[in-house]
Amino acid sequence: MSWTAILVLGGGCYLLKVAGLVLLGGRELPPVVNRCVALLPAALLPALIAVQTLTTDDRWVIDARVAGVGAAIVAAWRKVPFPAVIVIGAAVTAAVRALA
Amino acid sequence: MVDPSDSAAPPGDDAPDPVTGSVVLGLAVGVFGVSFGVLAAAAGLSPAKACAMSLLVFTGASQFAAVGIVDAGGSTATALGSALLLGARNGAYGLRMSTILRGRLPTRLVASHLVIDESTAMATAQHDPTQQRRAFWWAGVSVFVFWNLGTLLGALGGDAIGDPERYGLDAAFPAGFVALVVPHLRSLEGRVTAAIGVAIALLLTPVAPAGLPVLAASVAVLVGLRRPAAGEASPSTDPVTDDDDPSRAAAP
């Protein structure tokens, strides 16, 4: 990769981030827009969890990650502290992978 | 004290402590930083280039995609296109964070660089604006520091850690996000949005390029077009009623 490509990518990724935060930020938006914007993490984060857990490249895959994230869901539901949820997710995945 | 099993518990009891949470997330990110550095070196990038990427691009998925495509012999244009598509969801995160980070312009220009999955998830899991800002900066700075340290180590040939998957670390992120998503699922509106978002992302995965499935899940926020019934909690307007709750200060 050339330095030019790295700079273009850095600039592009920064512009994407700044677009939301600065160009559109700080304005009073209609309540309905605020409601939709407030829901963005509720839409994106579970989608990200699903993609990171259930897919590899462009395929649906069931593997050790499902066990780890399943254990994390149970842990989070039982109100286990956040750092422990991460450790449980990784440890169960690693254990299932080692056994398989 | 609030019984943890009480469904009427005040908001905030499920919000993770931003400091320890951010450090743990940062450590996991750091291991992936090492593997990014190793991959970059394998793809022919000098340590300076690998470190510049992590400093300037600071979007893990985009960096892995770009370097992976170059390593596989793909064109620079393809690499940039894929990387930007993967980075596009940060724009959606920025929109959400703009309602939380309302500081001066220079501050927001710096904050923009830190708008990623981890910082947005950590911030929006909190309930009052002060904690949201604190969580954003802790997670953003922690991930930035560990990601760049990891990249440096990996690029200099520090492949001692090995494959992060051996430690199940590829599942550490979805596991952490699970815990951070819980507060978003308190309202019916949040649960419906999440279910639609997951369905969109999974259905698009086999047919759309990487990055688009998660980005397209943002369409699920149109659930918010429905006017909430009186008294129904909405994530943006949760009143902060328990600021003086001593249990919050000691929350894990």
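Observations on the model:
- Only helices reaching 15 angstrom along their own axis (Cα) with mean Kyte-Doolittle hydropathy no lower than -1.0 count here, and for the DSSP H runs of chain A these are A:3-18, A:40-54, A:64-77, A:82-99.
- By the compact-protein rule of thumb, 2.2 N^0.38 Å, the alpha-carbon radius of gyration of chain A corresponds to a ratio of 1.50.
- Euclidean distance of C-alpha centroids, the stretch B:17-62 and the stretch B:127-163, integer Å: 8
- Per-peptide average of other Cβ atoms within 10 Å, ordering A:52-60, B:142-150, A:78-86 highest first: B:142-150, A:78-86, A:52-60
- Per-bin percent of Cα-Cα distances, the stretch B:106-203 [5 Å]: 2, 11, 14, 20, 18, 15, 12, 6, 2, 0
- Contact order relative to length of the stretch B:42-196, as percent, for alpha carbon pairs under 8 angstrom and 6 or more apart: 22
- Each label point was placed 7 Å from the Cα along the Cα-to-Cβ direction; for B:L105 and B:T20 their separation is 4.2 nm.
- Under 5 Å from the amide H of A:T55 lie the amide H atoms of A:V61, each residue being 5 or more positions distant or on a separate chain, with H modelled from the backbone and absent for Pro and chain starts.
A short reminder: the numbers here are calculations on the coordinates, not readings from a lab. It should be emphasised that the depicted structure is a prediction, and the values quoted were computed from it without experimental measurement. Don't worry about glycine lacking a Cβ; one is built from the backbone with ideal geometry, like all the others, and counts go over all protein chains shown.
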